[in-house]
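Beneath this line is the structure, given in structure tokens, with notes to follow.
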Amino acid sequence: MDGLNGLKNPFMDLPQGSRIQAYYLWIDGSGQALRGKTRTLEQVPADVAELPEWNFDGSSTGQSTGQNSDVYIRPVAIFKDPFRRGDNILVMCETYAPDDSPHPTNTRYECNVNMELCKAEIPWFGIEQEYTLFDHTGKNPYCWPTNGYPGPQGPYYCGVGADRVKGRKIVEAHYRACLYAGIKIAGSNGEVMPSQWEYQVGPCEGISMGDHLWVSRYILSRVAEEFDSVVSFDPSPSPETGTEQDAIAT
């Protein structure tokens, strides 16, 4: 536990003057996980182009490209911060090598090149994101029986009731936080396995689809922290749970 035992942090309502906190986010060397760190800005940026570049130690994120382990992060999108609130922001970033070339893990760069080539077509995208909630160990599905399994699948999909739904408080908090942040979240629903959910993002135009999806994933993982829960985006998150089709014995 974090020592507050679920209580509100008593220092978060302290005034911060005209300066703001910007939480820079980037995709690490796994291509699946997010990293982030905070910097102070002297004023609220009017546009993402006003945000300074930054750097981090790539040897600690699986992104070192040689003797120089520095990786540079370049802001590409801004969202409101639903955790710090006020004028504080979340900043999605691309990664660059010390020679200023796109980092090998920076798949957004190449995607954006292609999006620009077809910009006149105004491509729209919508993404469905499934996920499973686990307890703080990341091993036991959230609110599953301690010694056993829930009943056969059937009543859980879009279900209602404490015997069918696990984790709704997290789901609702995530939805509202996304709306606050400016994420184009379109809907959510319970899936066929208890503690498994999905949400939809879009429609978004071009490269913004990826930015909205990745930041929505960060917000979900960050919300889950508040509930001492771990989020898995893996379609088969553990040998014990398997896939959504065979997760529960029938």
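Output yes when any residue across the stretch 8-18 is buried (at least 19 other Cβ atoms within 10 Å of the Cβ), at pLDDT 95 or above and either in a loop (DSSP other than H, G, I, E, B) or more than 18 Å from the chain's Cα centre (by Cα) (or both), and no when none is. No, because not a single residue in the stretch 8-18 is buried (at least 19 other Cβ atoms within 10 Å of the Cβ), at pLDDT 95 or above and either in a loop (DSSP other than H, G, I, E, B) or more than 18 Å from the chain's Cα centre (by Cα) (or both). Of everything listed in (1) within 20 Å of S195 (Cα to Cα); (2) touching a strand residue (DSSP E or B) at 6+ places or on another chain (Cβ under 6 Å), the single unmet condition for P98 is (1).
Among the conditions (1) at pLDDT below 95; (2) assigned to a helix (DSSP H, G or I), R217 misses just one, which is (1).
Please determine whether any residue of the stretch 236-247 is under 30 Å from K37 (Cβ atoms) and modelled with pLDDT under 95.
Yes, the stretch 236-247 has at least one match.
When the stretch 66-124 is filtered for residues that are among the β-branched types (V, I, T), in contact (Cβ under 8 Å) with a residue 60 or more places away in the chain and not in a loop (DSSP other than H, G, I, E, B), the ones remaining, listed by number, are V76, I89, V91, T95, T107.
Considering the stretch 206-224, the residues that are surrounded by 21 or more Cβ atoms within 10 Å (Cβ to Cβ) and small (G, A, S) include one that is farthest from V171 (Cα to Cα), namely G210. Of the residues Y156, Y109, Y149, Y142, the single one that is over 30 Å from Y72 (Cα atoms) and open to solvent by 90 Å² or more (accessible area, probe 1.4 Å) is Y149. Checking the structure you have, find out if any residue of the stretch 141-154 is part of a loop (DSSP other than H, G, I, E, B) and among the β-branched types (V, I, T). The answer is yes; a qualifying residue exists. Inspect all residues belonging to the stretch 203-224 and state whether any of them is of a type in the set (V, I, T) and in contact with a Cys (Cβ under 8 Å, 6 or more places away or on another chain). Yes: the stretch 203-224 contains one or more residues that are of a type in the set (V, I, T) and in contact with a Cys (Cβ under 8 Å, 6 or more places away or on another chain). Restricted to the stretch 165-189, and to residues there that are among the hydrophobic types (A, V, I, L, M, F, W, C) and part of a helix (DSSP H, G or I), the residue that is surrounded by the most Cβ atoms within 10 Å (Cβ to Cβ) is C178.
Tell me, please, whether a residue that is in a loop (DSSP other than H, G, I, E, B) and at pLDDT 95 or above can be found in the stretch 54-62. Looking for residues that are in a loop (DSSP other than H, G, I, E, B) and at pLDDT 95 or above, one finds at least one in the stretch 54-62, hence yes.
The residue pairs whose first member lies in the stretch 43-57 and is over 16 Å from F79 (Cβ atoms), whose second member is part of a strand (DSSP E or B) and open to solvent by less than 90 Å² (accessible area, probe 1.4 Å), and whose beta carbons are closer than 6 Å, counting only pairs six or more residues apart or on different chains, are E53/Y72; E53/R74; W54/Y24; W54/I73; N55/D70; N55/Y72; F56/V71. For I122, the conditions (1) among the β-branched types (V, I, T); (2) touching a helix residue (DSSP H, G or I) at 6+ places or on another chain (Cβ under 7 Å); (3) open to solvent by 30 Å² or more (accessible area, probe 1.4 Å) are fulfilled apart from (2).
The values are calculated or read from the model by the stated rules, or taken from the named source; none is laboratory data. Since the model is a prediction, treat every value here as computed from it, not as a measurement. Glycine also receives a Cβ, built like all others from the backbone with ideal geometry; neighbour counts cover every protein chain displayed. Note: areas computed on protein heavy atoms with side chains; ligands, DNA, RNA excluded. Shrake-Rupley method; radii C 1.70, N 1.55, O 1.52, S 1.80 Å.
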